[in-house]
Amino acid sequence: MNKEMLGALDALEREKGISKAIVIEALEAAMVSAYKRHYGQAQNVEVEFDEKKGDVHIYSVKEVTEEVMDSQLEVSLKEALKLNQAYEIGDMIRFEVTPKDFGRIAAQTAKQVILQRVREAERSIIYNEFSAYENEIMQGIVERQDRRYIYVNLGKIEAVLSKQDQIPNELYQPHDRIKVYISKVENTSKGPQVYVSRSHPDLLKRLFEQEIPEVYDGEVEIVSIAREAGDRAKVAVKSDNPDIDPVGTCVGPKGQRVQAIVNELKGENMDIVEWNADPAVFIANALNPAQVVDVIFDASQRACTVIVPDFQLSLAIGKRGQNARLAAKLTNFKIDIKPESELESIKEELEAKKVELETTSIVEEAVEEVAAQVEEEIIFPETTIDIPVTTIEIPISDNDDTEK
């Protein structure tokens, strides 16, 4: 066992990066447990591993006492002095108790410990590696699926793709190569668990970075993304460089750049709009392809009314309200779309609401001012009211006295 043991420890340190000292420490602890299991006693047992020869030695540690109460834990001073005249009461002496057949037990224990350490090291390596890829995309191969997950082989580990992270109506067949977004990496008791997604908005962002060098370099910035996976997405982009058209850069010649992303997402429609610091302009861009006549903001909350030509009302709202819904997500504004024919009535309604809000505000300020004056300036004096006391004399007749 000796040479094989030392060779295995060296190989672990060289190939797996597992420190020899850590494995030896684990080996010694495991062999104490093995000794106890086979020989029924390990209360005062120590294991020593010879790193040069690879030998294992078992020692029973006993305390020097005047009178021995437990021979497994104590040794008399008389016996200790036979070994060495320097021993005193309270000293600890090690006696080697290595069984003749312990080599076989030690070899079996060492094998179990080394295999366990290898598994732990591999799990740690995989976890650390894929933790670095969290929030990034990788290409994987579809392996299999069950009721809960689709399992995607990422090379060193099998990731899971849940139903909510799948693109609706996308079919996943074994051996299909797909790009997935690593949304979460967990280190569980059973080993690392990697969760991936095909529906996450950031998958779209990473695909833009892969396909468009200007996005990867930061010359074009993706400000926000609104996505309904498998159907349609809106992406707001901007550039601080006046010589770069952010929308044209992302679309590419004849739409080649964005088409590569659409193909990867199985035909998901893509609207690329230009971000603008002016919310009205940004909202108008977000409602593309509809034309916007006016954007009227509601001062009371983050909402607005968008006026569009009557003939483009359905286009602005979109199928099942999708265009308006995505524009609202993209701009983070609550958007109400109205036809141009209702513009005057809408303005009157908003003006009336504005007056109402201003009136309410004035009244509230006045009430607060009066309340403050009452609290600070008005003093209620103590008032004493004198109530006069009136005495009424009632005459008593003689007849009454006689009758009584």
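The values are calculated or read from the model by the stated rules, or taken from the named source; none is laboratory data. From a predicted model like this one, the values you see are computed outputs, not experimental measurements. Neighbour counts are summed over all protein chains in view; Cβ atoms, including those assigned to glycine, are modelled from backbone coordinates with ideal geometry. For the accessible areas, the whole protein counts, side chains as well, though only heavy atoms, and no ligand, DNA or RNA atoms are used. Shrake-Rupley method; radii C 1.70, N 1.55, O 1.52, S 1.80 Å.
Please list the non-local residues whose amide H lies under 5 Å from the amide H of LEU73, H modeled 1.01 Å from N, same-chain partners needing a gap of 5 or more.
Placed amide hydrogens put nothing under 5 Å from LEU73.
Cross-link partners among lysines for LYS62, C-alpha distance below 24 Å, same-chain residues fewer than 8 apart left out?
Partners within reach: LYS36, LYS78, LYS82, LYS100.
Given a Förster radius of 60 Å and the C-beta distance between SER19 and ASP146 as r, what FRET efficiency does 1/(1 + (r/R0)^6) yield to the nearest 0.05?
Rounded to the nearest 0.05, the efficiency is 0.95.
How long is the gain from ARG119 to GLU48 if the chain were fully straight, where each residue apart is worth 0.36 nm and the alpha carbon distance is subtracted?
23.1 nm
What pairs from LYS266/LYS334; LYS234/LYS266; LYS163/LYS190 go past 25 Å between their alpha carbons?
Going by Cα-Cα distance, LYS266/LYS334 fall outside the 25 Å limit.
Highest mean first, how do 97-103, 202-208, 71-77 rank when packing is the count of other Cβ atoms within 10 Å averaged over residues?
Descending packing order for the listed peptides: 202-208, 71-77, 97-103.
Could you give the size of the charge dipole of segment 1-123 about its Cα centre, using +1 on the Cβ of each K and R and -1 on the Cβ of each D and E, expressed in debye and rounded to the nearest 20?
Taking the Cα centre of segment 1-123 as origin, the dipole is about 700 debye.
On the full set of protein chains, 1.4 Å probe, figure out the accessible area of MET138 and give it in Å² to the nearest 10.
Probe radius 1.4 Å; accessible area of MET138 about 40 Å².
Report the full-extension gain for the segment LYS254 to TYR216: residue separation times 0.36 nm, less the Cα-Cα distance, to one decimal in nm.
Residue separation times 0.36 nm, minus the Cα-Cα distance, leaves 11.6 nm.
Show me the ranking of peptides 289-298, 162-171, 330-339 by mean Cβ neighbours inside 10 Å, starting with the highest.
330-339, 289-298, 162-171
Using modelled amide H (1.01 Å from N, peptide plane; none on Pro or chain starts), what sits under 5 Å from the amide H of VAL97, excluding residues fewer than 5 places away?
For VAL97, the qualifying residues are ILE58, TYR59, SER60.
Could you list the GluC sites (Glu not before Pro) in segment 131-169 that lie in coil according to DSSP, counting only those with at most 16 other Cβ atoms within 10 Å of their Cβ?
In loop regions of segment 131-169 (DSSP not H, G, I, E or B), the sparsely surrounded GluC sites (Glu not before Pro) are GLU134, GLU136.
With a Förster radius of 30 Å, plug the Cβ-Cβ distance of LYS334 and GLN164 into 1/(1 + (r/R0)^6) and report the FRET value to the nearest 0.05.
Taking R0 as 30 Å, the efficiency between LYS334 and GLN164 is 0.75.
Test of understanding: what is the full-extension gain from ASN276 to ASP70, defined as 0.36 nm times their sequence separation minus their Cα-Cα distance?
Working it through step by step, the gained length comes to 65.5 nm.
In what sequence, highest mean first, do 86-94, 114-122 appear when ranked by Cβ atoms within 10 angstrom?
Packing proxy ranking, top to bottom: 114-122, 86-94.
Between ARG302 and GLU228, what FRET efficiency follows from the Cβ-Cβ distance if R0 is 30 Å, with the result rounded to 0.05?
0.85
Please name whichever of MET92, VAL45, GLN72 sits farthest to the positive end of the charge dipole of segment 1-123, dipole taken about the Cα centre and charges placed at Cβ: Lys and Arg +1, Asp and Glu -1.
Of the options given, the answer is VAL45.
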